[in-house]
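The values are calculated or read from the model by the stated rules, or taken from the named source; none is laboratory data. Every value quoted in this text rests on a predicted model; they were computed, and no experiment measured them. Accessible surface areas use protein heavy atoms only, side chains included; no ligands, DNA or RNA. Shrake-Rupley method; radii C 1.70, N 1.55, O 1.52, S 1.80 Å.
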Amino acid sequence: SDDGLQHYRLHRDFEIAVVDGVRGLGNGRCLPAGPLREPPARLAAVDAVIVNGGSYQPPGVAALRMELRPLGLRQLATGTWVAAPALPADWGAARRAHAVAAIGHPQRFADSLRALGLTVDLRVLPDHHPLGTADLEFDDALPVVITAKDAVKCAESADPRIWVLEVAAELAESDWAVLLAGIENLI
């Protein structure tokens with residue numbers, strides 16, 4: 001459940017807290033004074049802490065390391081798939097695109113697109129923004145790339161310019177073993 005740990009009525013068998021490895025815990029304060037939905041001490045109460053990217057290490061807890069690896073691009077309207085690092089042939093040599101993100105760390109998304117060789121014009125929207133047609137409109141015919149998280153908000157779009165960056169969460173084999181062992185202990 002994205003951002004669900006603060007809803008204590010939500011049943012949980014195994015809690016995983018994901019921490020941004022670039023931004024860490026920010027100023028360590030909860031909303032609205034800081035970026036956190038829970039105090040830092042909450043990390044000691046979850047079953048697993050995963051640090052996404054970067055080099056941040058949360059104090060006092062063992063953390064597993066994760067990286068998001070781009071798998072490819074999926075055209076939202078048709079499902080056409082292009083595996084990374086290739087780009088759709090009709091994007092041309094300019095390799096330019098718009099990027100729209102309504103996620104917590106939009107710069108990571110833009111950096112992933114740049115790593116694929118794209119020059120991106122990033123439109124940042126607030127985290128969990130209800131992405132609409134107007135948010136994806138531009139005054140040119142360049143492709144528009146969005147996150148998979150945002151794609152579910154506009155899945156009915158028939159605009160062939162909209163593409164979704166699909167990613168895979170990668171953990172070291174030893175970290176996967178720790179995570180799976182914790183889950184298997186529930187059975």
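Excluding ligands, DNA and RNA, what is the solvent-accessible area per residue of the chain at a probe of 1.4 Å, expressed in Å²?
In whole numbers, the chain has 56 Å² accessible per residue.
Computing the accessible area with a 1.4 Å probe over protein heavy atoms, can you report the carbon and sulfur percentage for the chain?
57
Under the definition of Cα pairs under 8 Å and six or more residues apart, what whole-number percent is the relative contact order of the stretch 75-173?
Once divided by the residue count of the stretch 75-173, the mean separation gives 36 percent.
Between residue 115 and residue 134, what is 0.36 nm times their sequence separation minus the Cα-Cα distance? Round to one decimal in nm.
Numbers: separation 19, 0.36 × 19 = 6.84 nm, distance 2.72 nm.
Roughly 4.1 nm would be gained on extension.
Report the full-extension gain for the segment residue 96 to residue 155: residue separation times 0.36 nm, less the Cα-Cα distance, to one decimal in nm.
Taking residue 96 through residue 155 to full extension adds about 18.9 nm, to one decimal.
Please determine, in degrees from 0 to 90 and to the nearest 10, the orientation of helix 106-115 with respect to the longest principal axis defined by the Cα atoms of the chain, where the helix direction is its Cα long axis.
60
Could you give the length gained on full extension between residue 183 and residue 171, defined as 0.36 nm per residue of separation minus the Cα-Cα distance, in nm? Don't skip to the answer; put the middle values down first.
On the way: separation 12, 0.36 × 12 = 4.32 nm, distance 1.55 nm.
Working it through step by step, the gained length comes to 2.8 nm.
In whole Å, largest first, what are the principal axis extents of the Cα atoms in the stretch 1-135?
50, 31, 29
If you restrict to DSSP beta bridges whose two residues both lie in the stretch 1-140, what percentage is antiparallel, to the nearest 5?
15
Separation of the stretch 108-185 and the stretch 1-65 by C-alpha centroid, Å?
Taking the Cα centre of each part, the stretch 108-185 and the stretch 1-65 sit 21 Å apart.
For n ≥ 4 DSSP H runs only, could you compute -39500 (n - 2.57) per run for the chain, divide by its residues and tell me the 222 nm figure to the nearest 500?
Value at 222 nm, helices only, nearest 500: -4000 deg cm²/dmol.
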